[in-house]
1. Magnitude of the Cβ-charge dipole of the range A:280-370, K/R +1 and D/E -1, about the Cα centre, nearest 20 debye?
2. Work out the count of Lys pairs in the range B:3-95 where the Cα-Cα distance is under 22 Å, with the pair 8 or more places apart or on different chains.
3. What Kirkwood Rh does the range A:248-308 have if only Cα atoms enter the pairwise 1/r average? Answer in Å.
4. When a/c is below 1.5 the answer is rounded, else prolate if a/b is larger than b/c, else oblate, so apply that to the protein assembly as shown with a ≥ b ≥ c taken from the square roots of the Cα gyration tensor eigenvalues.
5. Could you please report the charge total around B:GLY69, scoring K, R as +1 and D, E as -1 over all other residues with beta-carbon less than 13 angstrom from its beta-carbon?
6. Which of the residues in the range B:56-71 lose at least 30 Å² of accessible area when you go from the chain alone to all protein chains together (probe 1.4 Å)?
7. Given a Förster radius of 35 Å and the C-beta distance between B:ASP75 and A:HIS82 as r, what FRET efficiency does 1/(1 + (r/R0)^6) yield to the nearest 0.05?
8. Please label the shape of the range A:9-68 as rounded, prolate or oblate, based on the square roots a ≥ b ≥ c of the eigenvalues of the alpha-carbon gyration tensor (a/c under 1.5 means rounded; beyond that, a/b larger than b/c means prolate, else oblate).
Amino acid sequence: MKRLLILGAGTAGTMMANHLSHELKNKDWEITIVDEQIKHYYQPGYLFLPFDIYEPKDIVKYIEEFIPKGVKLIKSKIDIIHPKENRVTLSGGEQLPYDILIIATGASIAPEEISGMKDKEWQRSVFDFYTFEGALALRNKLRKWEGGKLVVHITEMPIKCPVAPLEFAFLADSYFKSKNMRDLVEITYVTPLSGAFTKPKATKALDHLLEEKNIHLETDFAIEHINNENKTIVDYSGREISFDLLVTVPTNKGDELIARSGMGDELNYIPTHKATLQSKNYDNVFVLGDASDIPASKAGSVAHFAAEILTENILRFMKGESLKAEFDGHANCFIETGNGKALLIDFNYTHEPEEGSFPFPGIGPLSLLKETRINHMGKLAFRWIYWNMLLKGTHIPFVSGSMQE
Amino acid sequence: MTHTKLIGERAISVNDEGYLTDYAQWDAQVAETLAKEINIELTPKHWAVLKFLQEQYKNEVALNIRRIGSSGVVDIKEFYQLFPQGPLKTSTKIAGIPKPASCI
Ligand SMILES: Cc1cc2nc3c(=O)[nH]c(=O)nc-3n(C[C@H](O)[C@H](O)[C@H](O)COP(=O)(O)OP(=O)(O)OC[C@H]3O[C@@H](n4cnc5c(N)ncnc54)[C@H](O)[C@@H]3O)c2cc1C
């Protein structure tokens, strides 16, 4: 028996377990997947939790439910990868040798990177919504907040789902409107980028929406520290922005496991070939999802498109064939714009989001780069698709791994 | 769109935002001229940063503030002092390399 080992049973690892167990039925491969959690969190739901749109039960299920029979699931923290020796050590000391390794350990927030962030105001007036606990604490805060200066802030790029903080600002606008207290809240969006988003065409549309919703935009802000006494964020050039409530997206990093194993860059992301998803340093190691350093969005939709290509490549690798280099960085994301509307953008390594329409299963064509109600339905439907199709590796009709050009 | 820009007697090509479109046209005089336009007098420390940026570019390493801060050449605070307005944008322009795409 040969051994295929998957590290991480989040979005990417679960998809690969499903794809591969389907492809390798009765073959000579034993598939094992390891995760320290027993729960699977639908992270896109963290955006809606603070505004009481979703409840915790909508976004948490058990990992076990999504791992196919025939794949061995181990619940353990992973201590270290020894890529030169083709083995992984779990925190209890157990050794897992492998022939092929798929790393899907994702990325998470590191608020300790910025001085004063995880300090005495943490979860009092300084919040994150990139974790389940953070989003929940923020929900409780917002329920009784009486207004003031709300600052929505990105620490540094890259972050998971780079549009999520913008969506947060849009949803905050409609949340306070519906509570009849929009006039008591001043919303400021602070970004290290030079505009609302990373892609120029989408930025134009989004800058306009910010203006329309009376959200102030502060660009090129590289935070240096948070002053807990005066409640300000301060950047390297000395610029200061004051807040009553700060909702920040801290630095995102790959898991410490990657650093312990000496396999990552300065943010613990693993150098990966962007078209084949093979690690740059070890032929039998592949990387899927947020753990890699490929220049694509860190998003579930990207992992979904990439998983189909990675599955093919792994089957080829098993047969000793050369890899097919074809992942184009395809991403598509809904951007929730508040008041029951959303935008949809579709782009890849080389193509910027365009206007037009996108065929979306079960809902029909959605408008790209236009704010519509049906796009909002699409965003909400994404949760169903995520639990019922995406994780199971079901091919979504009309949605191909490569972008339609 | 590319435009022609005169550096002394010599013509170089730049894009709409003033970034060189052909790195081969870069030299010290180009750097000094571009720096002067934004009131920066290049010191040895500036040159060290420019050299680091160019090496990263040649090795196809994506640039961001953190990477420069951990380069050992400057820390982030110094980087801001050397290139006050948007250090990454101005330093890459002076170094003759493309404006870093700020990730996705
Ligand atoms: C607020 C927010 C909104 C988002 N919105 C969207 C959206 O609208 N659309 C979209 O497509 N994507 C969205 N995303 C991004 C999406 O959730 C991620 O890109 C996706 O989950 C990445 O999958 P992954 O498998 O790489 O990582 P994860 O799903 O995070 O899984 C990593 C797994 O590895 C395990 N692990 C890590 N280290 C260890 C270790 N040392 N030992 C044992 N186990 C370990 C973890 O427990 C975890 O289960 C959003 C993310 C956030 C935070």
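1. Roughly 160 debye for the range A:280-370.
2. Lysine pairs meeting both conditions in the range B:3-95 amount to 19.
3. The answer is 11.9 Å.
4. Judged from the Cα gyration tensor, the protein assembly as shown comes out oblate (a/c at least 1.5, b/c at or above a/b).
5. -3
6. B:ARG66, B:ARG67
7. Once rounded, the FRET efficiency stands at 0.55.
8. prolate
The values are calculated or read from the model by the stated rules, or taken from the named source; none is laboratory data. As the structure is a prediction and not an experimental result, all values here were calculated from the model. Backbone-built Cβ (ideal geometry, glycine too); neighbour counts: all protein chains shown. Only protein heavy atoms, including side chains, enter the accessible area calculation; ligands, DNA and RNA are left aside. Shrake-Rupley method; radii C 1.70, N 1.55, O 1.52, S 1.80 Å.
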